[in-house]
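Please read the structure below before turning to the comments.
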Amino acid sequence: MLGSLFVLILPLGIFFAITATVVLRYPDSDALHVAAFLVALILASAAQLLVFEWKIVPNVIALERFRELLADQERGARLLVRRDLELTRANDQLRKLDETKSSFISVVAHQLRTPLSGIKWTLNLLINGDMGTLTAEQRTFLIKAYESNDRMISLVNDMLGADRIESGKVRYFFQSVPLSEVIDEVLFELLPQAKARGVSITFASKPTHPTKVHADPTKLRAVFQNLLENSVKYSQEGGSIEVSLVPRGTEEVEVSIKDDGIGIPKEQQKNIFDRFFRATNAVKLETDGSGLGLFIVKSIVERHGGMIWFESEENRGVTFHFTLPLEREPRAKEKAAA
Amino acid sequence: MSIKAGVGISQGVDSHAVGANACQDALDKLEGKPSVLIVFSSIQYDQEKMLSGVRSVSGQVPLVGCSTAGEITNEGPTKRHSVVVMALQGDGVSFFAGVGEHISDGPKKAGKAAADVVKAQAPGGKLDAFIMFPDVLAGNGADTVRGVLESLGPDFPVVGGAAGDDFEFKKTFQYLNDKVYSGAVVGLGLSGAFKIGIGVRHGWIPVGTPKKVTKSEGAVLHELDGMPAIKIYEDYFGAERAKELKTEALARLAITYPLGMKVKGSDEMLIRDPITVDENGSITCAAEIPVGSEIRLMIGSREEAVNVAKVAAENALAELGGEKPKAVIIFNCIARSKLFGERAGDEIDAIQEALGRTTPLIGFYTYGEQAPLWGEVRNMNRCNSSFHNETVVICVLGD
């Protein structure tokens, strides 16, 4: 019966690629009915449709989705770069303005310094009685003028100092500096100011204290002057200030200056080292201040390779800590050579 | 075995005197006899006179160098035109110098010739590093690098900077011993007991989708995805803003948002700076962009550029394996100098923070930098020396 076998092969394909076939075998070709042929055809088409849905449609959808994502990415990128360009240009303008402002401050401060020094010199002559005898009242007023002038000079110096830091003009001359001596000198100068406010300052130099640091002595003095003046200025009447030194390993020493003054409000602590920033409670006290002292201090400490930080609570004082590199002992060989 | 260096700088009017003073300054600081001199000079000086000034002091010591778009020393980028000289002394290190001429006749040939002549001087042809100063106004810089690598081997660590001409883009000069060349590549080969560290960073990251280069010739990028190349800038910034690329060479927009090219063997894109744009919208870049490359717009910031300069310096230092750097050579792109403007010193300052402020340092602003991708020199298989743009390349030498 082999000659009468009828085989119907229906290809299942997608886009002209044959993916499968449906094979119908009839033992007798005469028995092939149109109806059966149609049923087979429908079955094959349905199967083809299923394969199409299952394989192709998700791919087409995924491809479409991918294209959309790319388009989104491109739109996002365009927005991003345009905003970035606006910000960059605005930033450039701000930087230029900032530079103009800095050079303006620098010029003004320089111009102010000479006449202020002249006033200081003249007042000094008057107070010393070189220009004739003064009444007690005249003397008191002249001393007040002298003090105000001094404050102005220190303000101008701060402004120039900050400007030099920004423009990178500060030169450092590092050498071996006896730390305790620097602190003692600054404390000695501050004593009258502290006494007037009934503030006590304790610093006991211990033999265990590291003696010498690797620093620029003038800049180091400025660090202590700024921090200790602040402590005295913002202490409560009759308050106390404590200066301590703790060696950290063989390389560094940590200096701490603790007061029990007005402290720094929490929300303003992050800005305290910014230029021209003054905490609101300090401004309220109506004390003098340029808002540059801590900016200068931070810059000096960091230029020495140290770190500065603080702990504070409003009305409960502040403790500033900073580190300084210790002067390295010359090695035995170098000593011998020396 | 040790490397010592002294860096001299001089400024003034008389080219001969400026050259002589810079060299004397370098020799005074070296306090010894130099093995080789590296000279970078502004084109404001008569090049022959300047070089004869240097030679009047140095005598017959091997000398290499080039004209620049700005010189760099320990004091930062020089504020005015200057001549800077590094006198290098290498006890146990040999230096060999050579030149490949006529880049315009074939940059690859010139690159190979320079490397061949340097290699031929080294005993057994053994070199450990190669510093190059090509003219890229005369021909494709990437091809010059290929020529050098053809001679030295595909994974050889090559570092260098393309000569500049104070941003005029007309004619640059290369120096070898007593002679001033133009359209050439000068090379310096090092061999012996020393360590070299190379740091390579740019700090830009890609944004948007990649675009395929469908038409280009050398450094001229004609079409991206079948459209005029300028369209990439017009699409991102608008036609009005993109106009500045047509009116100004190496415009601000091009420096702040350069193009990035994907390269095999590196996750970081190679930067390509658009220099000029013609009326058809074709962009001429500072280095080749082959057809088929993927291009993306790059975005960055001055702050990040400073940060990566420090990272590059740290990377270079790390390759010295704990040894102190004895000499630093910086190849820094002119585009970065333009980007930073007055504050270009910040970048050099960041580098010095990592490498020490007193380590003798010389460098210049280039028209393209040559360095291994990512600065890999220890893993020779990944070395892949390439031609970069808007990138800072830091080369440190140690014992």
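The values are calculated or read from the model by the stated rules, or taken from the named source; none is laboratory data. Please read these numbers as outputs of a predicted model, since none were measured by experiment. Here the Cβ is made from the backbone with ideal geometry for all residues, glycine too, and neighbour counts use every protein chain on show.
Of the strands (runs of 3 or more DSSP E) lying entirely inside the range B:1-73, those containing at least 2 residues that are surrounded by fewer than 21 Cβ atoms within 10 Å (Cβ to Cβ) are B:2-10.
It is to be established whether one or more residues within the range B:65-73 are among the aliphatic types (A, V, I, L, M) and over 19 Å from B:ILE131 (Cβ atoms). Taking every residue of the range B:65-73 in turn, none turns out to be among the aliphatic types (A, V, I, L, M) and over 19 Å from B:ILE131 (Cβ atoms).
Going by what's in this entry, would A:MET131 be described as part of a helix (DSSP H, G or I) and either outside the structural domain of A:ILE308 (by TED's automatic domain parsing) or within 29 Å of A:ILE257 (Cα to Cα) (or both)? Before you say what the answer is, go through the steps one by one.
On the way: part of a helix (DSSP H, G or I): no; either outside the structural domain of A:ILE308 (by TED's automatic domain parsing) or within 29 Å of A:ILE257 (Cα to Cα) (or both): yes.
Considered against the rule, which asks whether it is part of a helix (DSSP H, G or I) and either outside the structural domain of A:ILE308 (by TED's automatic domain parsing) or within 29 Å of A:ILE257 (Cα to Cα) (or both), A:MET131 comes out as no.
Find the residue count for the range A:223-266, including only residues that are of a type in the set (Gly, Ala, Ser) and at pLDDT below 90. Reasoning before the result, please.
In the first step, residues of the range A:223-266 are kept if they are of a type in the set (Gly, Ala, Ser); the result is A:231, A:235, A:238-240, A:244, A:249, A:256, A:261, A:263.
With the extra rule that they be at pLDDT below 90, the set shrinks to A:235, A:238, A:249.
Residues meeting the conditions: 3.
Once the range A:73-95 is narrowed to residues that are basic (Lys, Arg), within 10 Å of chain B (Cβ to nearest Cβ) and exposed (fewer than 14 other Cβ atoms within 10 Å of the Cβ), the residue that is farthest from A:ILE165 (Cα to Cα) is A:ARG75. Quick check on the range A:250-259. Is at least one of its residues farther than 16 Å from A:THR323 by Cα, surrounded by 14 or more Cβ atoms within 10 Å (Cβ to Cβ) and assigned by TED's automatic domain parsing to the domain that holds A:LEU179? So far as the range A:250-259 goes, yes, one or more of its residues are farther than 16 Å from A:THR323 by Cα, surrounded by 14 or more Cβ atoms within 10 Å (Cβ to Cβ) and assigned by TED's automatic domain parsing to the domain that holds A:LEU179. Among all residues of the range A:36-45, there is at least one that is exposed (fewer than 11 other Cβ atoms within 10 Å of the Cβ), more than 14 Å from chain B (Cβ to nearest Cβ) and modelled with pLDDT of 80 or more.
Test A:ILE272 against the stated conditions and say whether it is surrounded by fewer than 21 Cβ atoms within 10 Å (Cβ to Cβ), among the β-branched types (Val, Ile, Thr) and modelled with pLDDT of 90 or more. Judged against the criteria, A:ILE272 is a match. The number of residues in the range A:38-85 being more than 14 Å from B:TYR236 (Cα to Cα) and not hydroxyl-bearing (Ser, Thr, Tyr) comes to 32. Listed by first and then second residue, the pairs linking a residue in the range A:253-265 that is more than 9 Å from A:SER235 (Cα to Cα) to a residue that is assigned to a strand (DSSP E or B) and of a type in the set (Asp, Glu), with Cβ atoms under 8 Å apart and 6 or more places separating them unless they lie on different chains, are A:SER256/A:GLU242; A:ILE257/A:GLU242; A:LYS258/A:GLU242. Restrict the check to the range A:54-70 and report whether at least one residue is facing another protein chain (nearest Cβ under 9 Å) and in a helix (DSSP H, G or I). Looking for residues that are facing another protein chain (nearest Cβ under 9 Å) and in a helix (DSSP H, G or I), one finds at least one in the range A:54-70, hence yes. Among the residues making up the range B:223-247, those that are within 13 Å of another protein chain (Cβ to nearest Cβ), over 17 Å from B:GLY260 (Cβ atoms) and in contact (Cβ under 8 Å) with a residue 12 or more places away in the chain are B:ARG241, B:ALA242. Note on the range A:96-111: residues that are surrounded by 12 or more Cβ atoms within 10 Å (Cβ to Cβ) and away from chain B (no Cβ under 13 Å) total 5. Only a single item in (1) touching a strand residue (DSSP E or B) at 6+ places or on another chain (Cβ under 9 Å); (2) free of Cβ contacts under 8 Å to residues at least 12 places away in the same chain is not met by B:GLY59, and it is number (1).
When the range B:143-159 is filtered for residues that are under 19 Å from B:GLY106 (Cα atoms) and surrounded by 24 or more Cβ atoms within 10 Å (Cβ to Cβ), the ones remaining, listed by number, are B:THR144, B:VAL145, B:GLY147, B:VAL148, B:LEU152.
Only a single criterion out of (1) crowded, with 22+ Cβ neighbours inside 10 Å; (2) in contact (Cβ under 8 Å) with a residue 60 or more places away in the chain; (3) within 14 Å of chain A (Cβ to nearest Cβ) is not satisfied by B:PRO210, namely (1). Scanning the range A:147-189 for residues that are farther than 28 Å from A:ILE119 by Cβ and within 14 Å of chain B (Cβ to nearest Cβ), we see that the one that is modelled with the lowest pLDDT is A:GLY168. Scanning the range B:277-311 for residues that are in contact with a His (Cβ under 8 Å, 6 or more places away or on another chain), surrounded by fewer than 21 Cβ atoms within 10 Å (Cβ to Cβ) and within 14 Å of chain A (Cβ to nearest Cβ) gives no hits.
Contact map, the range B:280-306: first residue assigned by the TED database to the domain that holds B:GLU244 and among the polar types (S, T, N, Q), second residue surrounded by fewer than 17 Cβ atoms within 10 Å (Cβ to Cβ) and in a strand (DSSP E or B), Cβ cut-off under 6 Å, separation 6 or more or different chains; pairs are B:SER282/B:VAL220; B:THR284/B:VAL220.
Tell me which residues, restricted to the range B:254-276, are within 14 Å of chain A (Cβ to nearest Cβ) and surrounded by fewer than 21 Cβ atoms within 10 Å (Cβ to Cβ). Correct list: B:ILE255 only. I want to confirm something. Restricting to the range B:373-399 and keeping residues that are at pLDDT 85 or above and within 21 Å of B:PHE194 (Cα to Cα), which single residue is surrounded by the fewest Cβ atoms within 10 Å (Cβ to Cβ)? The selected residue is B:ASP399. The residue list B:VAL57, B:VAL13 contains one member that is over 19 Å from B:ILE330 (Cβ atoms), in contact with a Cys (Cβ under 9 Å, 6 or more places away or on another chain) and in the same structural domain as B:GLN89 (by the TED database), which is B:VAL57. In the range A:79-120, which residues are at pLDDT 85 or above and in contact with a Leu (Cβ under 7 Å, 6 or more places away or on another chain)? Residue satisfying the conditions is A:VAL81 alone. For the range B:230-329, the strands (runs of 3 or more DSSP E) that sit wholly inside it and include 1 or more residues that are at pLDDT 90 or above, under 20 Å from A:LEU85 (Cβ atoms) and within 20 Å of the chain's Cα centre (by Cα) are B:259-261, B:270-272, B:274-277.
Residue-wise test of (1) in a strand (DSSP E or B); (2) in contact with a Lys or Arg (Cβ under 8 Å, 6 or more places away or on another chain).
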residue	(1), (2)
B:GLY160	yes, no
B:PHE169	no, no
B:VAL180	yes, no
B:VAL186	yes, no
B:GLY189	yes, yes
B:VAL200	yes, no
B:LYS211	yes, yes
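Might you let me know whether the range B:341-357 holds any residue that is surrounded by 19 or more Cβ atoms within 10 Å (Cβ to Cβ), in contact with a Phe, Trp or Tyr (Cβ under 9 Å, 6 or more places away or on another chain) and either β-branched (Val, Ile, Thr) or more than 14 Å from chain A (Cβ to nearest Cβ) (or both)? Checked the range B:341-357: no residue is surrounded by 19 or more Cβ atoms within 10 Å (Cβ to Cβ), in contact with a Phe, Trp or Tyr (Cβ under 9 Å, 6 or more places away or on another chain) and either β-branched (Val, Ile, Thr) or more than 14 Å from chain A (Cβ to nearest Cβ) (or both).
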